[in-house]
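The values are calculated or read from the model by the stated rules, or taken from the named source; none is laboratory data. Predicted model, so just to flag it, every value in this text is computed and none were measured. Positions of Cβ are backbone-derived with ideal geometry, glycine not excepted, and every protein chain shown enters the neighbour counts. With ligands, DNA and RNA removed, areas are computed over all heavy atoms of the protein, side chains included. Shrake-Rupley method; radii C 1.70, N 1.55, O 1.52, S 1.80 Å.
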Amino acid sequence: MVSKVKYGVLLFFLFWVNTGFQTQYDTNSKIKALFIYNFSKYIEWPEDYKIGNFVIGIYGETPLAQELEDMAKTKKVFNQAIQIQKYSSTSEIKKCHMLLVTSKEESKLTECISKTNTFSTLIVSEKEGFGKLSGINFVVVQNKQKFQLNKNNIEKRKLKVGSSLLALGIPVE
Amino acid sequence: MRVSVITYFVFLYIAFALPLSAQRINIYKALNYDKLQLYDSARICIDSALVHPETKDDIMVQYYRGFIYKNLYVYRDKKNKKSIYRDEALRDFFHFLEVNTSEALNPPCVKTIDFLLISLYNDAVTSMYSNQIELALKLWEKYITSYKKLHPEKNTLDTEIQFYKSLATVYSDAYDSSKTEVDFNKAEQAYVYILSKDSNNWSANYNLGVLYYNKMTSLVKQQGYDDDLNAILEMQERMTPLMKQALPYLKKAYELNPKHRETLVGLAEIYYNFYEYELSDRMKLELKLLDGK
């Protein structure tokens, strides 16, 4: 009985030490980052945007920023190094290849669009109903991340959308 | 040696006072050798008596053989988890119990079987701890089958659940390292088995939910940036069923123990990653209340 108790305690310990999640992991941010990197591959920017760094601007707080920064350390857009540029006010926004306007800053989307009007900037939003304003809008459909694609808004910025991206995006007129 | 000294001398008397066959003498020689700790000689004598037509049906032969083989196991073979001596001792004792009509010798027999079963259990546990899983399972199977046969009135549910919990942990650990389907399936099956015996087992519910959830996050972590859009969409197709599998178990764990911090953390995360932000926020609020914030 004593021996069985001893090993019973051992068994309990063996079990007890292994409860809990591996780490807290934001899968949503990773998925969005994967999409954003693919947007850079399947959209063509004008020639003068193919020199220097590929700048992804982020306006607003988002956990996606860390994922994008990690991505920027190892990935390139063709030969361009990726630079993540965070903006805390619309007045800071400069020329960039993409501008992600976070859901927390939804009220500033129009202002961001206006601020980048003369640039070939792909505006990326993440709020239901914003597909008509931005170029690409992240939406959730049946618990999966999808994206709406507004070809007109994108092409107005002298950007060309690849057929692969067009095929997989949810079209917005 | 569990046979009493009195019994031993009684048989010695009978051996010399009455005319006996060679096989009967073999039995007494076996007992004598055993007493003198000459176990190999004891084994030879008792094995001879076991097969000889004159003595093979004598249930006492198996009774004595059980003790001799038990001693062989204890004094020669204790570190051998696959000990044939132990197996033979158990076989002899169980057979003795089946055919014995007198109750008098049952208690020492049962006590010795219990002793041997504990050694089986302990070997199963240490095998599991040293990652010899197949051996652990074989020993466990022998243990639990024999224990239930010996003690049909006893409830073994708690012991079984404890063993399978540990098994599931070992498999989960293996899966964490290997990320193979084989290890995942084994861990899953172990938890499912526990829940089939006890559907309200909190830790099995929680850990099975965690297993599915961790598999889902691994899928996402492993996804490379060089993979194309279709690969991202396919990955999400594979994620969703895993999240749907994880959720009911974590919810059950929450129902069973709403104050378990890790469960709240897990549910908050899984709802968030499932885009159920309101439910995620609700869990985060409960977490804050639990933390006293």
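Quick look at the numbers
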quantity	calculated
Trypsin sites (Lys or Arg not before Pro) lying in DSSP loop within the stretch B:242-285, provided at most 11 other Cβ fall within 10 Å	B:Lys259
A:Ser89 - accessible surface, heavy atoms, 1.4 Å probe, Å² rounded to 10	40
Amide proton proximity set for A:Phe147, modelled H, under 5 Å, gap of 5+	A:Val139, A:Ile170
Chymotrypsin sites (Phe, Trp or Tyr not before Pro) restricted to the stretch B:30-110 and DSSP loop, no more than 15 other C-beta within 10 Å	none
The stretch B:132-204 - percent relative contact order, Cα under 8 Å, separation 6 or more	25
In the stretch B:60-118, trypsin sites (Lys or Arg not before Pro) in a DSSP loop with at most 16 other beta-carbon atoms within 10 Å	B:Lys78, B:Lys79, B:Lys82
Surrounding net charge for B:Val170, when Lys and Arg each add one and Asp and Glu each subtract one, Cβ distance under 14 Å	-3
For A:Ile123, residues with placed amide H under 5 Å, excluding near neighbours	A:Leu99, A:Gly135, A:Ile136
Net +/- balance of residues flanking A:Val141 in space, Cβ distance below 13 Å, scoring K and R +1, D and E -1	0
1.4 Å probe accessible area per residue over the protein assembly as shown, in Å²	49
C-alpha long axis of helix A:64-74 to longest principal axis of chain A, angle in °	90
Length-normalised contact order of chain A in % [C-alpha pairs under 8 Å, at least 6 apart]	19
Rounded to 5, percent antiparallel among DSSP beta bridges of the stretch A:125-173	65
Rel. contact order, % - alpha carbon contacts under 8 angstrom, at least six apart, the stretch B:52-161	19
Exposed GluC sites (Glu not before Pro) absent: longest stretch of chain B, with sites in DSSP loops and at most 13 other Cβ within 10 Å deemed exposed	B:154-293
